[in-house]
Amino acid sequence: MRTERLLAVAVLGAGLSGLLGGNCGAQESAARSAGAAVVPVTTTEKVAAAGESAPVAGLPTTKALLARNDEVMGGAAAIAKASSRRMKGLYQTEDGSSFFSIEIFQKAPNKSLFKITLPNGVVVRDVCDGQAAWIEDAAGGYHQYEGAALASRLRYTDFADRGKAFLLAATGKVTGQEKVGRHNTYVVEYMPEKNVVSRMYFDVDSGYIVHTEDMYSTKDGPYSVKLDLDDYRDVAGLKIPYRMRRVEKGVVLNIRLVQVDVNAPIDDSIFLKPESAPK
């Protein structure tokens, strides 16, 4: 059981949502709920309204990098139409010795679920309902996330997080160029909230985000979350990274997707807390 829980701790489905592209943002959602007419607003326009730091000589501006990424990811219109995703793939241990099947469910506005099936048939679920996040082990046990681990999941499970993240990134600055694996990248650094420093790494040639880093300052010391994204493919007009590598406090999760469905129907009941959860 300990192995199952350690595996589930590595599962950070929420971390993918914002980078795969979600709805345009909270303001548009509120307007639709009120019955008001909504004029789509691109990330570029939002960035211009938010303003950005003075550009560094010889480097592109934050605004230019975000605008280009909007374009290569499929455009604001296609991104705004996505309200759910269902993905299937394989989890691979860092040493390559073990494989597990994995299903990822994401639904607007802020729900996510990772379902891991181990070789012996044991199933572990990592769930976020938009207010809390937890692991359900094979015995029906309930293990709730707290502190920085919870904050990370809640932040990234928000389906509109791409728009919000880009607005916040627009307040940061391009710090320079770095090599990330085989990618030459431009680095944008910003503070999405108090006690968190975030970095986005944009491929110089393609414009894709190929790496992100979040460093949380906690009472127990630094808490880091890193994500590598690669093998972008077209799905329903959106670009989806089929290869991902997530590292949270030294725990590594490698995922290779084999199937992605956008706007697939997902029942809200799968995100409900188990009966064993504290009342």
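The values are calculated or read from the model by the stated rules, or taken from the named source; none is laboratory data. What you see is a predicted model, and the numbers here were worked out from it, not measured in a lab. Because the Cβ atoms are built from the backbone with ideal geometry, glycine has one as well, and the counts that use them run over all protein chains shown.
List of remarks:
- Selection count, the range 189-227, where residues are touching a Gly at 6+ places or on another chain (Cβ under 7 Å) and of a type in the set (Asp, Glu): 1
- None of VAL210, VAL127 is at pLDDT 90 or above, over 19 Å from ILE104 (Cβ atoms) and of a type in the set (Val, Ile, Thr) except VAL210.
- For the range 64-99, the set of residues classified as of a type in the set (Ser, Thr, Tyr), surrounded by 14 or more Cβ atoms within 10 Å (Cβ to Cβ) and within 16 Å of VAL252 (Cβ to Cβ) consists of TYR91, THR93, listed by residue number.
- Residue pairs whose Cβ atoms lie under 9 Å apart, separated by 6 or more positions or on different chains, with the first residue in the range 195-208 and touching a residue at least 12 places away in the same chain (Cβ under 8 Å) and the second in a loop (DSSP other than H, G, I, E, B) and aliphatic (A, V, I, L, M), are GLY207/MET73; TYR208/MET73.
- Check on ALA165, part of a helix (DSSP H, G or I) and either in contact with a Phe, Trp or Tyr (Cβ under 7 Å, 6 or more places away or on another chain) or at pLDDT below 90 (or both): yes
- Of all residues in the range 232-260 being of a type outside the set (A, V, I, L, M) and farther than 20 Å from PHE105 by Cα, the one that is surrounded by the fewest Cβ atoms within 10 Å (Cβ to Cβ): GLY250
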